C-alpha cells in the first residue's frame, strides 16, 4: 500500500498530462471498447514502480494482473503487468504509468548493481541515497532505491540533524555545532556531522555525534581515518558514513575502507531509465 500523500501525487501527475482533456482520443471517437494494455520490459532491469502503476489503474477504475514482482530482474519482451478497461482510459494513463516504471526501475537497477559491488568487499555496508532527488518525485525515487536493496537515508529536513560545512561555518566549530545540536535535539533523533579531517571526526564524536559523515575523502585517506578512529577506541557506537563523488566505478574502493554507510547522490541523479512499453489490444 502506498501512503495517501503518494496517491495524491500520482493524481497530480495524471492531471499534469491530461489538463483539460486528451484531444487525440476525443477526435478519434468514444474508444470505450474493452481493451488490455500489456506493459513489456524492453531491457534487462530490476523492476520497480509496479505499485504506482497499480495505484493509477485503481484510481481510474481499471483491473490488473501482475506477472513480475518488484525487485526481480526483467528480460527483454517480458510482460510484467496487464491492465484492463476502456481503451480510452488506457491510452490516457499510458505515458504517466510508463514514465514512473521506467525511472523507478532505472534507479532500482543502478542501486542493485552498486550494492552488489560494495558488498563484495564489505558484506555489512549500507548503500544509501541522498536528497539529490527530482522535486515532486522524491518519495518514488527513494522507494526505488529500497527496491534495489539500498537505504533511502533521510526523506526530508525533519528526519534527523545533519550538520554540514555551512552550518559549522555559521556556528564556529564542529564541536560547538555538535554539542549545541545534542543539547537541543530529542533523544529520538540522530545527530550527524559532516567532517573534512581526522581531527574534525574526533571533535564530532567527542561532541556526541551519532553519525560522522566523511565527505569527499579519497579512499586511501578514508581508510586512514577509519583505522585511526578504531585504534583510538572511539569508533564503537558511531556510524561512519562516506559520501562525495561515489558511483559504480569506485564504490568497491570505498567499501574496502571499512565505513558503515556509503551515500551516493548518483543513485537518483545519474541513473539510466529502463526501457518499458505498453501494447494495447481490444478484447
(request) Could you list, in sequence order, all residues of segment 242-272 that are in a loop (DSSP other than H, G, I, E, B) and touching a strand residue (DSSP E or B) at 6+ places or on another chain (Cβ under 9 Å)? (result) 244, 246, 257, 258, 259, 260, 264, 265
(request) Please specify each residue of segment 23-54 satisfying the condition of being over 14 Å from residue 101 (Cα atoms) and touching a residue at least 12 places away in the same chain (Cβ under 8 Å). (result) 24, 25, 30, 31, 32, 33, 34, 35, 36, 37
(request) Pick out the one residue from 200, 248 that is farther than 30 Å from residue 79 by Cα and modelled with pLDDT of 95 or more. (result) 200
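Out of segment 235-244, which residues are surrounded by 15 or more Cβ atoms within 10 Å (Cβ to Cβ) and either closer than 10 Å to residue 114 by Cα or at pLDDT below 95 (or both)?
Once the filter is applied, which keeps residues that are surrounded by 15 or more Cβ atoms within 10 Å (Cβ to Cβ) and either closer than 10 Å to residue 114 by Cα or at pLDDT below 95 (or both), segment 235-244 yields only 235.
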(message) Going by what's in this entry, would residue 100 be described as at pLDDT 95 or above, surrounded by 23 or more Cβ atoms within 10 Å (Cβ to Cβ) and over 11 Å from the mean Cα position of the chain (by Cα)?
(response) yes
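Among 175, 117, 105, which is within 30 Å of residue 21 (Cβ to Cβ) and either touching a residue at least 24 places away in the same chain (Cβ under 8 Å) or not in a helix (DSSP H, G or I) (or both)?
Just one listed residue meets the conditions, 105.
Please determine whether any residue of segment 116-125 is more than 11 Å from the chain's Cα centre (by Cα) and over 22 Å from residue 267 (Cβ atoms).
Within segment 116-125, not a single residue is more than 11 Å from the chain's Cα centre (by Cα) and over 22 Å from residue 267 (Cβ atoms).
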(request) State whether one or more residues within segment 189-210 are closer than 30 Å to residue 9 by Cβ, without any contact (Cβ under 8 Å) to a residue 24 or more places away in the chain, surrounded by fewer than 17 Cβ atoms within 10 Å (Cβ to Cβ) and outside the structural domain of residue 52 (by TED's automatic domain parsing). (result) no
(message) Looking at 149, 136 in this structure, which one is under 24 Å from residue 58 (Cα atoms) and either over 24 Å from the mean Cα position of the chain (by Cα) or not in a helix (DSSP H, G or I) (or both)?
(response) 136
(message) Can you go through 61, 29, 37 and tell me which one is within 21 Å of residue 86 (Cβ to Cβ), at pLDDT 95 or above and surrounded by fewer than 11 Cβ atoms within 10 Å (Cβ to Cβ)?
(response) 61
(request) Output the helices (runs of 4 or more DSSP H) that fall wholly within segment 4-88 and possess 1 or more residues being on the phi < 0 side of the Ramachandran plot and within 19 Å of the chain's Cα centre (by Cα), or say none. (result) 4-18, 50-59
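The values are calculated or read from the model by the stated rules, or taken from the named source; none is laboratory data. Just so it is clear, the model here is predicted, and its values are computed rather than measured. FYI the Cβ positions are ideal-geometry reconstructions off the backbone, even for glycines, and counts take in every protein chain you see.
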